[in-house]
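J.: Handing you this structure, nothing more for now.
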Amino acid sequence: MWFSVTVLLLAASACLPDVSASRVALHRPKRMIGGTLAPYVPWQAMIYLSETVLDGGYAGGALISDRWILTAGRNLFVRKSKSDIQGKAPLIPKVYLGIIGLPQANASTEVAVEKVVLHPHFQNYSDWDNDLALIQLKEPVVMSDKVTPIPLPERGQDLADAVGGSGVITGWGWGSTLTLATSLKHLVVPLAGNTYCRAEYGHTMPSLTPIVDDNMFCTGQTMSQENVCYGDAGGALAVTDAETGDIYAAGILSYDKCCTRDKYAVYMKISSYLPWIHSVLRGDTERSSDLRAEVMSKMHLWQS
């Protein structure tokens, strides 16, 4: 299996909260380490392979249009490491929308999947490189107060302009109990400079932590040392533009293993991947770019 029970136990011990934490924190469910129960988050999707972590578990995704969901590529495999995934096709998950807990994941909230598209350079070097996948639904979803897409970044929108230098992440991740949370939780986390992330993870092997590049960004712990944890990957970091008030998805959580062990969570920066996302949503083929260029060239030539 991807990791043995022994490894799971070791990972769990790394995620255990500090024994000096407040009594309130100690009595909170330890999935997303700390965190608060979330309301209905209309763009939140549950990407479901299994109810148990050892069989793939379930994770997050973000509804970005009426037929497309963006998630972490590693969420579509039972075994997550590059050595295990290389050469394998992603699994077709079950997808649930408009829910805040596992008990609501049933036939009435399931949406059928047409196909999944991994980023073409997924896990190019490390386990976390280009960790993105798009999931196409068979039918457009019906919009409601519980199911609504989150916009992608617009031209000129920059993380530096996010209100308070922070964003909100939601998830069903697991922590010290070795079980995934049954209720959606959320955290308001501060944005962190990539310099600090690179310093934090630069001394480790790429199979253990990301090599943070310009296509990624990081968030830190809350003031109460709350953080994301195993199983939160795939969720969107939602930020508010300070100038326009627009809410958009700035990133998709990839490295969710910080828990209380590491300071920084690492996200795929969506603005860096907009050309790929739009090409998939358009249904481009390998010839599409050349065909557009040929037609434009002909029109300019004939006009002259």
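The values are calculated or read from the model by the stated rules, or taken from the named source; none is laboratory data. On a predicted model such as this, the values are computed, not experimentally measured, just so you know. In this analysis, Cβ positions are derived from the backbone assuming ideal geometry, glycine residues included, and neighbour counts consider all displayed protein chains. To get the accessible areas, we keep the full protein, side chains included, count just its heavy atoms, and leave off ligands, DNA and RNA. Shrake-Rupley method; radii C 1.70, N 1.55, O 1.52, S 1.80 Å.
J.: Can you list residues from other chains, or at least 5 along the same chain, whose modelled amide H is less than 5 Å from the amide H of Val113?
T.: Lys138
J.: In debye, nearest 20, what is the charge dipole magnitude of the chain about its Cα centre with +1 on Lys and Arg Cβ and -1 on Asp and Glu Cβ, if you could check?
T.: 640 debye
J.: Still on this model: In whole Hz and in residue order, list the ³J(HN,Hα) couplings for segment 251-263 that follow from phi through the Karplus curve 6.51 cos²θ - 1.76 cosθ + 1.60, θ = phi - 60°; x for Gly and Pro.
T.: Each residue of segment 251-263 in turn: x, 10, 5, 10, 7, 10, 9, 5, 6, 9, 7, 10, 7 Hz.
J.: Put +1 on the Cβ of each Lys and Arg and -1 on the Cβ of each Asp and Glu in the chain; which of Ala162, Met299, Val116 then has its Cα farthest toward the positive end of the dipole?
T.: Val116
J.: Another question, if that's okay. At 7 Å along Cα-to-Cβ for each site, give me the label-to-label distance between Leu208 and Glu294 in nm.
T.: Each label point is offset 7 Å from its Cα along the Cβ direction, giving 5.2 nm.
J.: Using helices alone, I'd like the mean residue ellipticity at 222 nm for the chain: each DSSP H run of four-plus residues gives -39500 (n - 2.57), total over residue count, nearest 500.
T.: -5000 deg cm²/dmol
J.: List the lysines whose Cα lies under 25 Å from the Cα of Lys115, skipping any in the same chain that are fewer than 8 positions away.
T.: Lys80, Lys82, Lys88, Lys94, Lys138, Lys146, Lys269
J.: Right, here's the next one. Rank Trp276, Trp68, Trp43 by mean-square fluctuation in a GNM of the chain with C-alpha springs under 10 angstrom and give only the top-ranked residue.
T.: Most flexible of the set in this elastic network: Trp276.
J.: Next question. Report the full-extension gain for the segment Glu51 to Asp246: residue separation times 0.36 nm, less the Cα-Cα distance, to one decimal in nm.
T.: This chain segment gains 66.7 nm when fully extended.
J.: While we're here: Using the Cα centre as the reference, give the magnitude of the dipole from point charges on the C-beta atoms of segment 188-304 (Lys, Arg: +1; Asp, Glu: -1; all else neutral), rounded to the nearest 20 debye.
T.: In debye, rounded to 20, segment 188-304 gives about 200.
J.: Still on this structure, I have one more. Compare the Cα positions of Ala133, Met216, Gly173 along the charge dipole of the chain (+1 at Cβ of Lys, Arg; -1 at Cβ of Asp, Glu; about the Cα centre) and return the one farthest towards the positive end.
T.: In the chain, that residue is Gly173.
J.: Roughly how far apart, in whole Å, are the Cα centres of segment 199-240 and segment 109-149?
T.: Each part reduced to its Cα centre gives a spacing of 20 Å.
J.: I've got another one for you. Going Cα to Cα from Lys263, which aspartates and glutamates come in below 12 Å? Please leave out same-chain ones fewer than 8 positions away.
T.: Within the straight-line cut-off, Lys263 pairs with Glu200, Glu226.
J.: Sticking with this one: Kirkwood hydrodynamic radius (Cα pairs, Å) of the chain?
T.: Computed over Cα pairs of the chain, the Kirkwood hydrodynamic radius comes out at 19.7 Å.
J.: For the chain, modelled as a GNM with alpha-carbon contacts under 10 angstrom, which of Pro275, Pro93, Pro39 fluctuates the most?
T.: Result for the chain, Cα springs under 10 Å: Pro275 fluctuates most.
J.: Using a 1.4 angstrom probe, figure out how much accessible area the chain has per residue, in square angstrom, rounded to the nearest whole.
T.: Roughly 48 Å² per residue, with all protein chains present.
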